[in-house]
1. Let me have the 222 nm mean residue ellipticity of the chain computed from DSSP H runs of 4+ only, each contributing -39500 (n - 2.57), with the sum over all residues rounded to the nearest 500.
2. With axes computed from alpha carbons, what is the tilt in degrees of helix 49-61 against the longest principal axis of the chain, rounded to the nearest 10 within 0 to 90?
3. Among the DSSP beta bridges whose two residues both lie in the chain, what percent are antiparallel, rounded to the nearest 5?
4. With a 10 Å Cβ neighbour count serving as the proxy for reagent exposure, in which order, fewest first, do Val74, Val60, Val10 appear?
5. Could you work out how far helix 281-290 tilts from the main Cα principal axis of the chain, as a 0 to 90 degree angle to the nearest 10?
6. Set the Förster radius R0 to 30 Å, insert the Cβ-Cβ distance between Leu291 and Gln132 as r into 1/(1 + (r/R0)^6), and round the FRET efficiency to 0.05.
7. Can you bin the range 129-312 into rounded, prolate or oblate? Criterion: square roots of the alpha carbon gyration tensor eigenvalues sorted a ≥ b ≥ c, rounded for a/c under 1.5, prolate for a/b above b/c, oblate for the rest.
8. What FRET efficiency would be calculated for the residue pair Cys274, Arg152, taking the C-beta separation as r and a Förster radius of 45 Å, to the nearest 0.05?
Amino acid sequence: MKPQELHQLVFNFRAARAVMFAVQAGLFEELCQEDLTLDELVGRLELHRVSTTILVETLVQLNVLNKQGLRYRVAQDLRATLRRDTEGSIANLLLLDANHWSNWSVAEDFFRPGQDTAFAYDRQSNFAAAMQQGVGDMNVRLAQVLLAHEPRHIVDVGSGPGLLIEQLLATATDLKYTLVDFANTLEIAKGNLSDYKHFDVNFLAHDIVLGKLEVEADCIVTSRLLMGFDEPEAKQILANMCHGLARDGVLVINEFDTQTKVGALMSLDMLVNCGARVYGREQLAQCLDELGFEIVSEQATTVFTRALSAKRKGI
Ligand SMILES: C[S@@+](CC[C@H](N)C(=O)[O-])C[C@H]1O[C@@H](n2cnc3c(N)ncnc32)[C@H](O)[C@@H]1O
């Protein structure tokens, strides 16, 4: 087995769960009978609109559903398998697994029966390490996108452990950098960037949902931050970031691409874990438009992430 195949195998648990969600919600019972729009589906099954959008768009990326115009459909070949009342159906098995799913989440009960101690898990350091892994050369490409704008002061909002700034410092030591995150995360970033103490690297502990960014920068970047927030919060973050941007400055948003399998599953993951979602290009373009910004360029930073660069309209 190749590393990439192992990666896919393990993350397929999200894809499997997406299909189970759909079985549980009764999506296939409706869609195996006729093609429906999102509004029809939501209306018939009395579902939450945003969550259902994320789910059906994920199923499209997984090729379980097809989208024709505004209508979603189940391919003819899959109908007998996904309906609950047909010979050859796996829907009842899936429903069974969907209801047994939570048993799969508790490792200690089986591998250390009778012991209360959890398998070692420090949430914060695990999160920091996970953020560094599995994205290949995303930060290399994102750094290239930023430097192409010829900035003097780059502010990274939701900088995490500082890997993007470290990447930038590898080639551009003469710029000013500011990392913005929670104080405890910035401590990790300070450790990672300790070799660069003598350069103009600044750390600003700030909650970007709660307050405007009080800096003056010609380049503000945010990577994999917005997806952790619901729409009103994501809009507030964008507005708070724009406050710190020079009139002719550039705002760069690096996020998962919802038009890919990985990006769509990440959106479902965000919904399940924080009630949020990955914002697609069109949604971001609309939010930026409301703030008086327009997208001026976009580049892929991995096969499943892309960076949008935006400036104030007319600049
Ligand atoms: C998913 S990580 C992304 C880290 C890094 N930008 C990357 O792409 O690898 C999101 C980061 O945003 C930070 N963050 C979350 N909410 C924030 C807030 N309200 N204000 C500032 N930072 C926040 C988290 O602490 C975390 O470091």
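Values in this text are rule-based calculations from the coordinates and carry no lab data. Bear in mind that the values here come from a model prediction, so they are computed numbers and not experimental data. Note: ideal-geometry Cβ built from the backbone for every residue, glycine included; neighbour counts use all protein chains shown.
1. The helix contribution divided over the chain gives -13500 deg cm²/dmol.
2. Helix 49-61 sits roughly 80 degrees off the main axis of the chain.
3. Rounded to the nearest five, the antiparallel share is 50 percent.
4. Result, fewest neighbours first: Val10, Val60, Val74.
5. 50 degrees
6. 0.45
7. It is rounded, given that a/c, with a ≥ b ≥ c, falls under 1.5.
8. Plugging the Cβ-Cβ distance into 1/(1 + (r/R0)^6) gives 0.85.
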